[in-house]
Amino acid sequence: MSMLKIDNLHVRVGAKEILRGITLAVNAGEVHAIMGPNGAGKSTLGNVLAGREGYEVTQGSVVYNGKNLLDLEPEQRAAAGVFLAFQYPVEIPGVNNTYFLRAALNAQRKARGEPELDSMQFLKMVREKLRVLHISDDLMNRAVNAGFSGGEKKRNEIFQMALLEPKLAILDETDSGLDIDALRMVADGVNAMRDPQRAFIVITHYQRLLDYIVPDYVHVMVDGRIVESGDRSLALKLEEHGYAWIAERKLAGAA
Amino acid sequence: MSAVPRDVEAWRYSARAWQALQAQGFVEANSPVELPASLLEHFDWPETRDHRLVFVNGEPAEARHAGAEFRLHDGERLHLVFVNVPHDRATRWQHEFDVVLDKGSAEIVEQHIGSDGVDVLGEPYSRVRVGAGAQLRMTTLSNLPDSVSLYRREQVAVAAGATYFSTHALFGGRLQRFDLDVELAGEQASYAAHGMFAPRGRQHIDVHLDATHAARDTRSAISWHGVADQRGRGILHGAITVAAGADGADAQLQTKNLLLSPHAEIDAQPVLEIYADEVKAAHGATVGQLDERALFYLRSRGVPLAMARNLLIAGFCREAFAGVVGAELQARLESALAARLPQVTEIPQ
């Protein structure tokens, strides 16, 4: 059974249909890359999976570990193991990063019936993860993302992912705006977490990230549909020919 | 009996609440009352025991200070506690005092608390003088039960090169009115104010901050955060006047407000009046709701909705405590804030 099964998903924002029949199955242990031009609906897919409001599902279904994912509140999805690394992480002044993450982790653990971590146990875990990711701990003493540089925000997303240990991690253009060092750090963070029990959906505009996070599958999304799926070589072809190539092939196929 | 306040404009949003309050038929508090032991925990802080003065309904609780004037020395700290204790009928009290700091730096914590019961109306009035080059840091925490009202007036004169820092946290009460007038009287005098209020239930909190730049090269920076829930009502009137001749003044006034319920209301009125040249002045006021993106961000990490709301509200208010020096005092303000947030109930999964 697939961990995640998206079937003929149609999603509207206001009067505009953004996703127009997405079908995708993701198994534990797999890394799926979703590529596509701007406006294809990639981020919408990530947001819908994480439970953001403002999206209307008009058709189709999303089943996650046997449950209807769309019925769950965002915090219930998180407790069930879904994690979205935001394209634009939100700044939250006045809320300390450590406090926030401990509240989040303990709320998740509580919801799963696991014992909550006291502050000593939590800090021990934080130190381990910071060390593995080569992140300095001053990040932890600041307000959530407040005044962080673009790179620091993305690092914080990966750090949160490492700490919360999700089963299904969705990375929404985590590579955008990163220099090569930050990109490597993000990729190392993801690769360190690759596990037979865990799946990743890596949304990206560029193939560059996929040099570092090697996907098992690559899907190309255009106009709210997956128009082409393949292995890693598909990303390389896209890099060579651009998205116009896909559009042409689509037209040729339709003719 | 207090008459309806005469300055109609300054009482525009609160005249009715004031009149309704007066219908309680307040009498002067003239018989002494016991300080209820249950209130002790609210102000008996180990770190301030050696410099604390307590007033019960305006009267000193300990004989050692009559309480008309506090002349502060360099490095001195003072914790003033005004306790409102109900009688068998509605009572009001008045208390006037002066604070003088000639030189050096000093710190005052002024606290207003009370126990619930028959209405009490407190009317403290203070005059503060900060001498040339001196620095006075004032933190006020008023945390009142619903039957206590407070009409507090404070007038501050800041001399040349002196600084007046203040932080105000206002919670609860039936009606709280706070008039703070600061005059930057000497060259390079400066004034920085951070503050917040959080009216909920039917609480009504009206704050008037008036800063007057009366000399050259003076600075003022006022930042106020408001959060209103349920039928709570908050008013922030911030007025900065730069008098003729006060050239080179720098005046900043910002207020950010959150409405948590469709019945809550906050009126934010920034006013700048400038009669001098070469003045730097800016003001801004926002009234909005909790940021949906931030709420989703917290929830997507597993934080339940009610807790996510409280984290955001507390974080928003906490920005007002940025100028507070000392971890203990900071923690006191934080816990007062936490106790005033909607209680997070466990959500069964």
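Side notes on the structure shown:
- Per-residue [θ]222 nm for chain A (sum of -39500 (n - 2.57) over DSSP H runs n ≥ 4, rounded to 500): -11500 deg cm²/dmol
- With contributions of -39500 (n - 2.57) from each DSSP H run of at least four residues, the per-residue ellipticity at 222 nm computed over chain B stands at -4000 deg cm²/dmol.
- Scalar couplings 3J(HN,Hα) for the range B:262-278, obtained by applying the Karplus form with A = 6.51, B = -1.76, C = 1.60 to θ = phi - 60°, are x, 9, 7, 9, 9, 10, 10, 10, x, 10, 10, 10, 10, 10, 10, 9, 6 Hz; x denotes Gly and Pro.
- Residue mean of other protein chain beta carbons inside 10 Å, A:133-141: 0
- Farthest positive-ward along chain A dipole, Cα basis, beta-carbon charges - from A:Ile180, A:Ala107, A:Gly242: A:Ala107
- Prolate/oblate/rounded call for chain B, Cα gyration tensor, a/c under 1.5 rounded: rounded
- Cα-based shape type of the range B:96-140, given that a ≥ b ≥ c are square roots of the gyration tensor eigenvalues and the cut on a/c is 1.5: prolate
- ³J(HN,Hα) computed for each position of the range A:41-46 - Karplus, 6.51 cos²θ - 1.76 cosθ + 1.60, integer Hz, glycine/proline x: x, 4, 5, 4, 4, x
- In this Cβ point-charge picture (+1 for Lys and Arg, -1 for Asp and Glu), chain B has a dipole of about 920 debye about its Cα centre.
- The mean number of Cβ atoms from other chains found within 10 Å of a Cβ in peptide A:46-56 is 2, as a whole number.
- Listing A:Glu91, B:Glu96 from fewest to most neighbouring C-beta atoms within 10 Å gives B:Glu96, A:Glu91.
- Residues A:Lys67, A:Lys16, A:Lys167 in ascending order of nearby Cβ atoms (within 10 Å, fewest first): A:Lys16, A:Lys67, A:Lys167.
- Surrounding net charge for B:Ser147, when Lys and Arg each add one and Asp and Glu each subtract one, Cβ distance under 11 Å: -2
- Each of B:Gly201, B:His213, B:Leu180 was scored by the projection of its Cα onto the charge dipole of the range B:163-241, and the greatest displacement toward the positive side belongs to B:Gly201; charges sit on the C-beta of Lys, Arg, Asp and Glu.
- Inter-chain neighbour count for A:86-94: the average number of beta-carbon atoms from partner chains within 10 Å of each residue's beta-carbon is 6.
- Placing unit charges on the Cβ atoms only, positive for Lys and Arg and negative for Asp and Glu, gives the range A:186-255 a dipole magnitude near 140 debye about its Cα centre.
- Within the listed set B:Ser149, B:Ser190, B:Ser126, the Gaussian network model of chain B (springs between alpha-carbon atoms below 10 Å) gives the highest mean-square fluctuation for B:Ser126.
- Sorted by Cβ density within 10 Å, fewest first, the residues B:Leu298, B:Leu175: B:Leu175, B:Leu298
- Cβ-based charge dipole, the range B:59-173, positive-most Cα from B:Leu141, B:His168, B:Ile113: B:His168
- Result for chain A in a Gaussian network model with C-alpha springs under 10 Å: among A:Gly151, A:Gly29, A:Gly54, the largest mean-square fluctuation is at A:Gly54.
- In this structure, the amide hydrogen of B:Val99, modeled 1.01 Å from its nitrogen in the peptide plane, lies closer than 5 angstrom to those of B:Phe70, B:Arg127, B:Val128, B:Arg129, counting only residues at least 5 positions away or on a different chain.
- Cα gyration tensor, the protein assembly as shown - rounded (a/c under 1.5), prolate or oblate: prolate
- Size of electric dipole in the protein assembly as shown: Cβ of Lys, Arg +1 and of Asp, Glu -1, about Cα centre, debye, nearest 20: 1660 debye
Since every read-out is calculated from the coordinates, none of them should be taken as a lab result. This is a predicted model, so every value here is computed, not measured. When we count neighbours, we look across all protein chains shown, and the Cβ atoms used for this are built from the backbone with ideal geometry, even at glycine.
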